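This report concerns only the one structure given below.
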Amino acid sequence: MSANPTSRETSTSMLTVPETFPPAVAVEVRGLQKSFRIPTQRIDTLKERATQLFSRTEDRELRALRGIDFDIHRGEFFGIVGRNGSGKSTLLKLLASIYRADAGTVRIAGRVAPCIELGVGFNPELSAHENVALNGVMMGLTPREATARFDDVIEFAELEEFTEMKLKNYSSGMLVRLGFSLMTHVDADVLLIDEVLAVGDASFQQKCFDAFARLHGEGRTIVLVTHDMAAVEGHCDRAILLESGRVDRAGEPGDVARRYLELNFGRREPGEVEGVASGARDAQVIGAAIERASGEPASGFAQDEEIVLEMVIEAVRPLVRPVFGFQLVNADGLLIFAPEPILLTDRERLEPGERARIRTRIANPLAAGHYYIHAAVGRGFEGRDPVAFRKNVADFVVYGTRSFGGLVAIDCAAESEVEPRRDDGI
């Protein structure tokens with residue numbers, strides 16, 4: 001990169017070159033707004049269009065971005081995350097000058113290379129060889145440079161056998177490989193990558209992240225839009241979370257990833273779940289609360305963070321030798337855990353109207369997800385005579401990006417031993 005790279009400013013006016021630009025900043029976004037007009041009546045046929053020619057059409061406004069501000073530093077690997085419809089792809093297209101902002105400014109220092117949507121910028125009637133030459137020039141290479149780098153682009157994309165095939169006959173995965181490979185070979189200062197990489201197979205995705213590491217090490221600025229929180233935590237220096245067109249969270253990738261998972265799993269306020277009570281003839285499950293180890297009410301927990309469950313039981317009739325229990329189930333209703341029956345600590349009987357409060361500390365080796373508590377009351381030390389049961393008396397979300405195969409993480413230790421070769425042929 002040159003010491004004084006060119007800059008470009010996108011706003012509601014014509015493109016201009018700003019007189020000053022912070023030397024440590026690669027991308028500067030200020031007050032960015034973008035809206036779309038969505039017709040309320042769909043017109044599919046020529047007849048419908050003709051009959052509606054002089055009719056007043058109605059539409060609604062979709063505010064994709066509502067005035068966002070952030071900076072991306074030079075040489076930074078920057079993540080943009082958010083749920084579907086949050087404004088991520090709109091923002092990336094504004095950065096790539098595909099869309100024009102309604103208000104606000106985007107200033108980018110240096111040459112930009114986008115890899116945003118399948119086939120964008122490619123001519124489907126041309127071959128890979130012709131498209132690489134054409135798009136390489138559009139991304140800032142000279143015709144000689146684009147021709148000289150063709151073999152490297154095709155080799156990285158693993159498309160040596162398809163160079164003369166028209167792109168309209170390419171699969172989506174082949175288009176992704178070609179577009180990404182070209183982007184990494186044009187010496188751009190700022191790379192814009194959308195979640196199209198999810199189309200590629202596992203081996204090519206790993207190849208892409210290896211390329212990210214190389215480009216990041218060279219000081220390139222990388223902007224990645226993704227739903228993969230493991231990729232955000234594993235590769236990004238900083239990240240922002242968009243929600244309803246606004247910046248909901250910005251900063252450390254781990255903090256942004258946890259907030260994304262909270263929103264994605266539909267975090268609830270404590271006590272919001274309505275349970276279904278049954279068997280209330282002799283006892284009732286009045287309610288339950290989920291708390292942190294500090295006693296603070298909570299509905300979301302990081303992986304490995306201890307969970308405290310408090311249940312309140314009321315006797316309707318005399319209850320001799322009551323026992324209490326609960327079931328922990330996931331969002332699919334699959335039983336994850338149920339403890340041994342819990343006894344009263346200082347007595348064996350509850351009189352009508354008396355309440356018992358039971359607090360249980362639960363270890364949390366759970367995978368990220370949404371979980372529910374079912375509560376029960378039984379009679380007899382083994383609880384073989386159930387008298388009350390309430391489903392979904394409480395719920396909580398576990399968030400985090402630590403992945404493991406299955407529903408829980410169980411500590412395990414392994415040893416290996418290599419046996420010497422045997423010469424007897426057995």
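The values are calculated or read from the model by the stated rules, or taken from the named source; none is laboratory data. These numbers come from a predicted model, not from an experiment. Neighbour counts are summed over all protein chains in view; Cβ atoms, including those assigned to glycine, are modelled from backbone coordinates with ideal geometry.
Numerical summary
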read-out: Test set (1) touching a Cys at 6+ places or on another chain (Cβ under 9 Å); (2) at pLDDT below 90; (3) buried (at least 22 other Cβ atoms within 10 Å of the Cβ) - GLY200 fails condition number; value: (3)
read-out: Criterion violated by GLY325 - all others in (1) at pLDDT below 90; (2) in a loop (DSSP other than H, G, I, E, B) satisfied; value: (2)
read-out: Residue count, region 296-322 (criterion: over 19 Å from ARG359 (Cα atoms), touching a residue at least 40 places away in the same chain (Cβ under 8 Å) and either assigned to a strand (DSSP E or B) or basic (Lys, Arg) (or both)); value: 3
read-out: Any hit, region 252-262, residues being more than 30 Å from THR226 (Cβ to Cβ) and at pLDDT below 90; value: no
read-out: Output for region 76-93, where each listed residue is assigned to a loop (DSSP other than H, G, I, E, B) and either at pLDDT 90 or above or closer than 20 Å to PHE212 by Cα (or both); value: GLU76, SER86, GLY87
read-out: Flag if ILE336 is among the hydrophobic types (A, V, I, L, M, F, W, C) and at pLDDT below 90; value: no
read-out: Residue match in region 359-379 (condition: assigned by TED's automatic domain parsing to the domain that holds GLU291, at pLDDT below 85, of a type in the set (Gly, Ala, Ser) and over 16 Å from SER299 (Cα atoms)); value: yes
read-out: Strands (runs of 3 or more DSSP E) completely within region 331-383 that count 3 or more residues being farther than 19 Å from VAL320 by Cβ and over 27 Å from the mean Cα position of the chain (by Cα); value: 355-362
read-out: ILE154 being touching a helix residue (DSSP H, G or I) at 6+ places or on another chain (Cβ under 8 Å), surrounded by 15 or more Cβ atoms within 10 Å (Cβ to Cβ), farther than 21 Å from VAL247 by Cα and at pLDDT 90 or above; value: yes
read-out: Leading residue by the ranking (surrounded by the fewest Cβ atoms within 10 Å (Cβ to Cβ)) among those in region 26-75 that are at pLDDT 90 or above and of a type in the set (S, T, N, Q); value: SER35
